[in-house]
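**Student:** Take this structure, written in structure tokens, and hold onto it; I'll ask about it next.
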Amino acid sequence: MTTLVAQGLVRHFPVRGKRVVQALNGVSFAMEGAVTLAIVGESGCGKSTLGRLVSLLDQPDAGTLHLNGQRIAAPGLAKVQPQVRRAIQTVFQDPWTSLNPRLTLGAILDEPLRLMTGGMNPARRREAVMEMAGHLGFAPEQLNRYPHMFSGGQRQRIAIGRALMLHPAVLVLDEPVSALDVSIQAQILALLLRLQRDYHLLMLFISHDLAVVRHIANQVLVLYLGKVMEVGPAAMVLDQPLHPYTKALQQAAPKLRLGAEPLAPHAPLPGDPPSPLDPPRGCVFHPRCPHTIAICRTEIPQPRLLEGRQVACHRAHEWPTEKEPGESATAPGEPGGGEPDRAADA
Ligand SMILES: Nc1ncnc2c1ncn2[C@@H]1O[C@H](COP(=O)(O)OP(=O)(O)OP(=O)(O)O)[C@@H](O)[C@H]1O
Ligand SMILES: [Mg+2]
């Protein structure tokens, strides 16, 4: 079973005038098995920066990443081995630019096999390409078509298939359905859930859309100014949030379920996040938080385990989650504690 553990990941980008953008400031999480961790938060909170670190496209300034117990990222770590690089694949938001327009669907799926160290014989490659095309819902005659002959959703299927050709253990998806219509989003999410089962994939799913996240994630990590505000089972974090920032995100969400009617009227999150060039002291959320008290301005809240999730808020224990009469909150691992909404996974 795949394990992925991030400990204290930091990424600071130097910019002109000797200043630094504190894009990530000590992010930790632990994942095991064919699960999906969603990374959520407003624009600029560090989601893609975290995705790039996990994808090994960038190196942390501090902190470590372990895959199956092996340290794969740390400051100054020597070049990663090809088999480690192969084990982690990435899918980006834009299916219009991520595919080579001069290659056919068949050639795009074949490319990772062709370039793979050691190689693979052509007959086996053809077989693997046919099999993947089938998984993705393409007919054999479509293998000769070029990217521009496919729709946006089909192109994203191709990008996902290409990422899976070498059977990675981890798939990082950065806003993979944000550019697509809602009905197409549901199809892609259903495909991802199916492929996750078939390929035993551990997935890191970056999204700003809570309706999409609810659909696919077992666990949710809420980022704000490069710090983890709350992390835990999706059902708890999304339905019974404890951190005021998670609550604000939830209340600002235009809709809570994919394809559902928009919530009206929704409460947009007031104000913008402060600059990561100069993050606030104490709790980074305190200038926008309706519950700020003196300690929030001076002391950084450490994450602590509360009602089945980790939450970094000085006051989180003051507002127990509301429970339905006769119901108790689920704990991690219990039924309902981490099951994504698989309504459209047909
Ligand atoms: N290479 C870079 N150099 C300087 N600053 C950077 C660099 N990459 C990211 N940043 C900054 O780091 C912060 C986090 O950026 P990131 O792209 O990770 O955010 P995000 O959560 O993915 O946002 P979005 O939802 O808009 O995609 C932002 O302030 C961004 O401007
Ligand atoms: Mg991003």
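**Student:** Quote the FRET efficiency, to the nearest 0.05, computed for THR298 versus ASP278 with a Förster distance R0 of 22 Å and r equal to the Cβ-Cβ distance. Intermediate values should be presented prior to the final figure.
**Tutor:** Details: r = 17 Å, r/R0 = 0.75.
After rounding, the FRET efficiency stands at 0.85.
**Student:** Return the loop-located trypsin sites (Lys or Arg not before Pro) in segment 76-147 (DSSP other than H, G, I, E, B) with at most 10 other Cβ atoms within 10 Å of their own Cβ; answer none if there are none. Mind showing how you got there, number by number?
**Tutor:** Details: sites: LYS79, ARG85, ARG86, ARG102, ARG114, ARG124, ARG125, ARG126, ARG145; in loops: LYS79, ARG102, ARG145.
Counting only loop positions with at most 10 other Cβ atoms within 10 Å, the trypsin sites (Lys or Arg not before Pro) in segment 76-147 are LYS79, ARG102.
**Student:** What's the longest bit of the chain with no exposed GluC sites (Glu not before Pro), using DSSP loop states and at most 13 other Cβ atoms within 10 Å as the test? Provide the component values of the computation, followed by the final result.
**Tutor:** Values: sites that count: GLU299, GLU322, GLU327.
Segment 1-298 is the longest.
**Student:** Please give every one of the lysines within straight-line cross-link reach of LYS255, meaning a C-alpha to C-alpha distance under 29 Å, and leave out same-chain neighbours fewer than 8 residues apart.
**Tutor:** Cross-link targets: LYS47, LYS227, LYS247, LYS323.
**Student:** Restricting attention to segment 150-225, which trypsin sites (Lys or Arg not before Pro) occupy a DSSP loop and are surrounded by at most 13 other Cβ atoms within 10 Å?
**Tutor:** Values: sites: ARG155, ARG157, ARG162, ARG194, ARG197, ARG214; in loops: none.
Sparse-neighbourhood loop trypsin sites (Lys or Arg not before Pro): none present.
**Student:** Another question, then. Mind jotting down the distance between the C-alpha centroids of segment 153-204 and segment 223-272, whole Å?
**Tutor:** Here the answer is 23 Å between Cα centres.
**Student:** Place a point 7 Å from Cα of ARG102 in the direction of its Cβ. Which residues in segment 141-164 have their backbone N less than 18 Å from it?
**Tutor:** Only 145-149 pass the distance filter.
Since every read-out is calculated from the coordinates, none of them should be taken as a lab result. Since the structure is predicted, the reported quantities are computational estimates derived from the model, not experimental observations. Cβ coordinates were reconstructed from backbone atoms using ideal geometry, including for glycine residues, and neighbour counts include every protein chain displayed.
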